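Below is one structure; the comments refer to it alone.
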Amino acid sequence: LREFGPVRDTPDWVLSSHGSVFLSEELQDLQIEQMLNLLRHENPYTGMTYMEDPVVSVVELLNEQSALFYGTTGTLQNIPTLRKRMGAAFAEWLVERYKSPEAVVARWGEAGGLNTFADEGFVDENLTEGRVYPVGDPGLYDPNSLDGVNAHRKARLLDTMLFLYELQDSFYQRYVKILREAGY
């Protein structure tokens, strides 16, 4: 697990940054396992597991995280394993969506396309080599930003939002399915 961030005290405690869970199925599996362990815990006073107890009516899947929030870009900047994986996944997603690397470049335009986040450390992007990074944050996604200072990369940012949304939704759907199958 060291490739997802520093390990703290015990080998099963990873200090990964916000947004990491949406970019790593391994971290998702750990999150789901942790929740299942909590829900299967037996309350010594009632004899019921938290999963069985009607008092536990809501389970929060994650607290204050979103693939579209600020942490995702930091994760891509600081965790090489996830940066490499997401660069390849986003490039593949784009080529599948637009049918060719040339069509992606045409859609994004030269000014707002590849390597437009060089100041943030994302250089050498290449669609055919699987290096295009889903960089963004709420400030960039704001409609005033998309139609103002970031209008030149609006198409790229809209694609980034859709890609990250689909990643997040896939995780949540899988998470809920596993909790339901477990009996919650």
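Residue by residue through segment 108-119, note down the ones that are modelled with pLDDT of 95 or more and touching a Leu at 6+ places or on another chain (Cβ under 9 Å).
Of everything in segment 108-119, those that are modelled with pLDDT of 95 or more and touching a Leu at 6+ places or on another chain (Cβ under 9 Å) turn out to be Trp108, Leu114.
In segment 89-122, which residues are closer than 20 Å to Asn78 by Cβ, open to solvent by 40 Å² or more (accessible area, probe 1.4 Å) and touching a residue at least 40 places away in the same chain (Cβ under 8 Å)?
Glu120
Among what's in segment 123-137 and is β-branched (Val, Ile, Thr) and surrounded by fewer than 13 Cβ atoms within 10 Å (Cβ to Cβ), pick the residue that is nearest to Tyr70 (Cα to Cα).
Top of the filtered list is Val123.
Test each condition in (1) among the hydrophobic types (A, V, I, L, M, F, W, C); (2) within 19 Å of Phe22 (Cβ to Cβ); (3) at pLDDT 95 or above; (4) open to solvent by 50 Å² or more (accessible area, probe 1.4 Å) for Phe69 and report the one that comes out false.
Failed condition: (3).
Quick one: Asp53 ticks every box in (1) open to solvent by 80 Å² or more (accessible area, probe 1.4 Å); (2) assigned to a loop (DSSP other than H, G, I, E, B); (3) over 21 Å from Ser20 (Cβ atoms) except a single one, so which number is it?
Just one mismatch for Asp53, condition (1).
Name the residues in segment 160-173 that are of a type outside the set (Phe, Trp, Tyr) and either under 10 Å from Pro134 (Cβ atoms) or open to solvent by less than 60 Å² (accessible area, probe 1.4 Å) (or both), would you?
Across segment 160-173, the qualifying residues are Thr160, Met161, Leu162, Leu164, Leu167, Gln168, Asp169.
Only residues that are among the charged types (D, E, K, R) and within 13 Å of the chain's Cα centre (by Cα): list them for segment 65-88, please.
Arg83, Arg85
Taking the options Thr46, Thr75, name whichever one is open to solvent by less than 40 Å² (accessible area, probe 1.4 Å) and either assigned to a loop (DSSP other than H, G, I, E, B) or out of contact with any Asp or Glu (no Cβ under 6 Å at 6 or more places or on another chain) (or both).
Thr75
The values are calculated or read from the model by the stated rules, or taken from the named source; none is laboratory data. Just so you know, these numbers come straight off a predicted model, no measurement behind them. Cβ coordinates were reconstructed from backbone atoms using ideal geometry, including for glycine residues, and neighbour counts include every protein chain displayed. Remember, those area values only see protein heavy atoms, side chains included, never the ligands or the DNA or RNA. Shrake-Rupley method; radii C 1.70, N 1.55, O 1.52, S 1.80 Å.
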